[in-house]
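Report on the following structure.
The values are calculated or read from the model by the stated rules, or taken from the named source; none is laboratory data. Computed from a prediction, not measured in an experiment: that's the story for all the values here. Because the Cβ atoms are built from the backbone with ideal geometry, glycine has one as well, and the counts that use them run over all protein chains shown. Surface areas here come from the heavy atoms of the whole protein model, side chains and all, with no ligands, DNA or RNA. Shrake-Rupley method; radii C 1.70, N 1.55, O 1.52, S 1.80 Å.
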Amino acid sequence: LSANFDHVTTLGLMGDSSTSGAQAFIQRFPRLRILELRNMPLGALPVGLETMPNLTSLVLDSCGIQLTEQSLAALSSMSRLESLDLFNNPLGRVPSVETMPQLRYLDLSSTGIDQVPAGLLSRPELES
């Protein structure tokens, strides 16, 4: 794929257990504002999301994501996020929302976490 996708600001993909190549594919869209990936067997937070300066909405629903120290740091660096949806992923670790002052929507249901994310209680305008 050699086309230029700099003009694309919204990308939504729905997959299944046999879907592959999503990680490399989304790297072709550096100016995304909204990224929605559902039912993709990713296993981890896609590499490079933190380098997308315009990303304000991130949905990674049912993607088998398990967070590592590196992916927690990457997620925390996404300070422009207004919406974060990690529904139905076996996260294993609790993400922090302390560095996301514009966050208005958060869905961490069905993730197996058993602690309140750091910074959550200082977000009275947050919807979940």
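Within the range 38-72, the set of residues being farther than 15 Å from Asp107 by Cα, among the hydrophobic types (A, V, I, L, M, F, W, C) and part of a loop (DSSP other than H, G, I, E, B) comprises Met40, Leu42, Ala44, Leu45, Val47, Met52, Leu55, Leu67. A count restricted to the range 9-67 and to residues that are touching a Lys or Arg at 6+ places or on another chain (Cβ under 9 Å) and either open to solvent by less than 40 Å² (accessible area, probe 1.4 Å) or within 15 Å of Phe87 (Cα to Cα) (or both) stands at 13.
For the range 63-105, how many residues meet the condition of being among the β-branched types (Val, Ile, Thr) and touching a strand residue (DSSP E or B) at 6+ places or on another chain (Cβ under 8 Å)?
Looking only at the range 63-105, we keep the residues that are among the β-branched types (Val, Ile, Thr), and these are 65, 68, 94, 97, 99.
Filter again for touching a strand residue (DSSP E or B) at 6+ places or on another chain (Cβ under 8 Å), leaving 97.
Counting residues in the range 63-105 that are among the β-branched types (Val, Ile, Thr) and touching a strand residue (DSSP E or B) at 6+ places or on another chain (Cβ under 8 Å) gives 1.
Residue pairs whose Cβ atoms lie under 7 Å apart, sitting 6 or more positions apart in sequence or on different chains, and linking a residue in the range 67-85 that is of a type in the set (A, V, I, L, M, F, W, C) to a partner that is open to solvent by less than 10 Å² (accessible area, probe 1.4 Å) and in a helix (DSSP H, G or I), are Ala74/Leu49; Met78/Leu49. Summed over the range 73-95, residues that are open to solvent by less than 30 Å² (accessible area, probe 1.4 Å) and either not hydrophobic (A, V, I, L, M, F, W, C) or not in a strand (DSSP E or B) (or both) total 10.
For the range 102-111, how many residues meet the condition of being open to solvent by 80 Å² or more (accessible area, probe 1.4 Å) and of a type outside the set (Lys, Arg)? Working first, answer last.
The first filter runs over the range 102-111 and keeps only residues open to solvent by 80 Å² or more (accessible area, probe 1.4 Å), leaving 102, 104.
Restricting the remaining residues to those that are of a type outside the set (Lys, Arg) gives 102.
Qualifying residue count, the range 102-111: 1.
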